[in-house]
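To start, the structure under review is shown below, and the notes come after it.
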Amino acid sequence: MTLHVEPAKVRSTAAAWDTENLHLTAAAKQIKAVGTGGFTPTVASLVGRFVEAWEAIATRSASASESQADGLRSTAIDILQTDAKTDINASLALSSIKEIR
Amino acid sequence: MTITISLPPTPNETPEFDADGEKVQDAGTTLRTSSSIFDDHGSFVGGKAKDSGLLDGQAAAAYVQALSPIGRHADACSLALRAAANAVLGHGDELVDLAKRHQQLRSDREHLAREAAALASRANPLPTDEAELQRLKADCDRCTSQIEAYESDLVRWTEDLKASEDKVTAALRGAMTETQIDQTYAGVADPADAARDSMPSGKDPKAVKAWWDGLTEEQRAALIAADPEIVGNTDGIPAADRSAANTVSLDRDLAELGAIPEDQRTDDEQTRYDNAKAADVARDKIERSKDPMTNEHYEAQVYIYDPMAFGGDGRVAMAVGDLDTARNVSVSVPGLTTDMESAQSNAENVINLHQAASFEGGTSTATMFWIGYDAPSGADSAGVATEGMAAAGGERLADTLDGLNAMRSDDFHLTAIGHSYGSTTVAHAMTDHHPGADDVVLLGSPGAGDDADSADDLGVGSGHVFVGTNSEDLVGRLGQTGWVSPAAIGAGVLTGPLGGVVAQMAGAGLGHNPAEDDFGAVRFQAESTSRGSIPNIDDHVKYYDHDTESLANMAHIVNGQYDDVVRAGQVHDPWYRGPVDPESDRTPTSPDTDGS
């Protein structure tokens, strides 16, 4: 019987999504740190709003990446659980699908 | 005869202006780095993310289908944030210029207001002498005309400020919501793509320069954000653009890897992070240092940033000053135990050299440290026992020197400086590849490489090959001197990591001692007041120290002040005894190199 999942690949792709989450969270943090101090008063308040908006955009993108990672793992686990009814290898593979970071 | 005198008006006040263009540039740089993270995210979603490992047809198809809008949105975010970053960077540049003009306006206004008041005093009471009245009229007319010019400049300044503010606010307002971003940027081709595709395939720096010059400003800005690793490390691209790209890479590494908990970093991530932090410390060191003559802070240019090169040893080159415009440029090549983590001490060396060059009268200088080759360090230390790493490094150094020459269209003065094993590397670059350097400096050299029998072989003329060797520098004694075999020196007694490497060099045969008379180079004084009484390693690492003979002489060489270089007697090798160094009997001096 052939597994419907490549566990190692699921693990690495999901981990890569987790890393994207961390990178985009870093971007959000970086954007939040942008100061408005050097700008003229005419521009400064808009920069403040821009920074706020983009911190939120980066944070949402980070969360979406985390969801992708979790979703991929969850889908793989669902498939493997079905496979496990007939394939001992699927049972063994199930334990390898877990979040690393 | 009637003389009509119109007193000049009081000039309008210069408005308050406390914007800081450099801070705005920093804000733009940060936004550009963040845009680069979105760019990478888009590339991930469009590439590696597709390989899910799901083999079930329906689940796999659903997964891939869901990726498309995510990737499209990430690419749109990247383009939108990059556009905003570029607008902020441009605004920062304009504010720097506006601040200079504002300062001039303020000074003009003060002067003109004083002059107008003085003329009013002269006119009250009016002079009775006609000649004096004529002079007063002429002075009033002249002052009025200057005030009109001032008012006109003030109007132009105000309009330029408003135009700059309008431009940046329009750019920011256009990318405030995700709906706006997707409407404007989703599916839009990245200008970096076409620019990258047109890049010349070889590594001829002149072809690269021609290609770069042929790109639009938008394409260049796009490549800096989207492909910082390429732009930052390709010879022929101007240093300011390379530095902008390497700043994106470095700041992105610091942000991304810093966000990963230390115990979750892979070995590669940890290596990259450690090297990024080392580069950041070096950059910070440069930017916190000041020119002793102008008291202005230095600017750092990150000319190379490649933290995973050479199996994780890394490559980095950083300059104090502007490599694109400085009249005098030097490239310092370190030797033993060098890897990216030694960036800080190398930064200190080139800061000292820049300060000394400035103190000695140099007004347009850039001094760069170059950790651009796989130097003997750590487990690689065995490599020092052969010339292989120096020869390979020489080729890389020649590429860098060729790149500097290609990116400049003017006639500037270029000095290649090698310390320790780095001097062997510099010598190999010069003898094997003939890059266009004007002067060569070999410091504490264990040998000028097997390919150089004399200074002439380095290709710049023996009068432009300078050698600084402290008479008690153990490494400086390791080159082939007359009939003396370097292996005859009792190197086996040395201990410790550096001592072990020197012990290996003792038998390495890295070529001729360039301080020897037969070699024919110009030896300059490089003794230290804290010189040891026997050959030692401490005297090997003092060449860049402030208030030393060597730093003062190097500063003169970098400045092209050849007559000020204090010559030293060369090592000679009488048939009846071992090599003789006349410098060992001279009392060292301590020339001031920074005015402190």
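Each value in this text was obtained by applying a stated rule to the coordinates, not by laboratory testing. Remember, it's a predicted structure, so these values are computed and weren't measured experimentally. Because the Cβ atoms are built from the backbone with ideal geometry, glycine has one as well, and the counts that use them run over all protein chains shown.
Worth a mention:
- Lysines with Cα under 24 Å of residue B:290, excluding same-chain neighbours fewer than 8 positions away: B:23, B:100, B:277, B:542
- Ordered by the number of other Cβ atoms lying within 10 Å of each residue's own Cβ, fewest first, B:30, A:36 fall into the sequence A:36, B:30.
- Residue mean of other protein chain beta carbons inside 10 Å, B:93-100: 1
- Karplus-derived HN-Hα couplings along segment B:147-155 (A = 6.51, B = -1.76, C = 1.60, θ = phi - 60°), whole Hz, x at Gly and Pro: 5, 4, 5, 4, 4, 5, 4, 5, 5
- Bridging of residue B:162 to aspartates and glutamates at a Cα separation below 17 Å is possible for B:16, B:18, B:20, B:93, B:94, B:97, B:151, B:153, once same-chain residues fewer than 8 apart are set aside.
- For the segment B:457-466, counting C-beta atoms of other chains within 10 Å of every residue's C-beta and taking the mean gives 0.
- Packing-based ranking, highest mean first, of B:66-73, B:469-476, B:240-247 given that Cβ atoms within 10 Å are counted: B:469-476, B:240-247, B:66-73
- Sites matching trypsin sites (Lys or Arg not before Pro) across segment A:19-93 that sit in DSSP coil, with at most 12 neighbouring C-beta atoms within 10 Å: A:85
- Positive-pole candidate from A:34, A:24, A:72, dipole of segment A:7-94, charges at beta carbon: A:34
- Axis of helix B:57-122 versus longest Cα principal axis of chain B: the two differ by about 70°, to the nearest ten degrees.
- Dipole of the protein assembly as shown computed with +1 at Lys/Arg Cβ and -1 at Asp/Glu Cβ about the Cα centre; of B:321, B:102, B:580, farthest Cα towards the positive end is B:102.
- In sequence order, calculated HN-Hα J values of segment B:179-184 (Karplus, 6.51, -1.76, 1.60; Hz; x Gly/Pro): 5, 4, 4, 5, 5, 8
- Along each principal axis, Cα extent of segment B:191-258, largest first, Å: 37, 22, 19
- Over segment B:266-585 - Rg/Rh using Cα atoms and the Kirkwood inverse-distance radius: 0.95
- Computed from point charges on the beta carbon alone (+1 for Lys and Arg, -1 for Asp and Glu), the dipole magnitude for chain B about its Cα centre is near 640 Debye.
- In segment B:79-147, the GluC sites (Glu not before Pro) that fall in loop regions by DSSP, at most 10 other Cβ within 10 Å: none
- Residue-averaged beta-carbon neighbours from other chains (10 angstrom radius) around B:177-189: 1
- The antiparallel fraction among DSSP beta bridges confined to chain B stands at about 35%.
- Using θ = phi - 60° and Karplus 6.51 cos²θ - 1.76 cosθ + 1.60, couplings along segment B:171-176 (whole Hz; Gly, Pro as x): 5, 6, 4, x, 9, 9
- A convex hull fitted to the Cα coordinates of the protein assembly as shown yields 207 cubic angstrom per residue.
- Centroid-to-centroid separation of segment B:517-535 and segment B:164-220 [C-alpha atoms, Å]: 53
- Straight Cα distances below 26 angstrom link residue A:9 to the lysines A:85, A:98, B:48, B:50, with same-chain residues fewer than 8 positions distant left out.
- For segment B:3-36, GluC sites (Glu not before Pro) are listed when DSSP marks them as loop and at most 15 other Cβ atoms sit within 10 Å of their Cβ; the list is B:13, B:16.
- 5 angstrom amide H check on residue B:449, placed H, neighbours 5+ away: B:511, B:512
- Near the amide H of residue B:573, within less than 5 Å, lie the amide hydrogens of B:580, all on another chain or at least 5 residues away, with H placed in the peptide plane.
- Separation of alpha-carbon centers, segment B:4-83 and segment A:11-42, rounded to whole Å: 11
- With neighbour counts taken as other beta-carbon atoms within 10 Å, the residues B:524, B:310 rank, fewest first, as B:310, B:524.
- Dipole moment magnitude, nearest 20 debye, segment A:7-94 about Cα centre, only Lys, Arg, Asp, Glu C-beta charged: 220
- Share, in percent, of DSSP beta bridges within the protein assembly as shown that are antiparallel, nearest 5: 35
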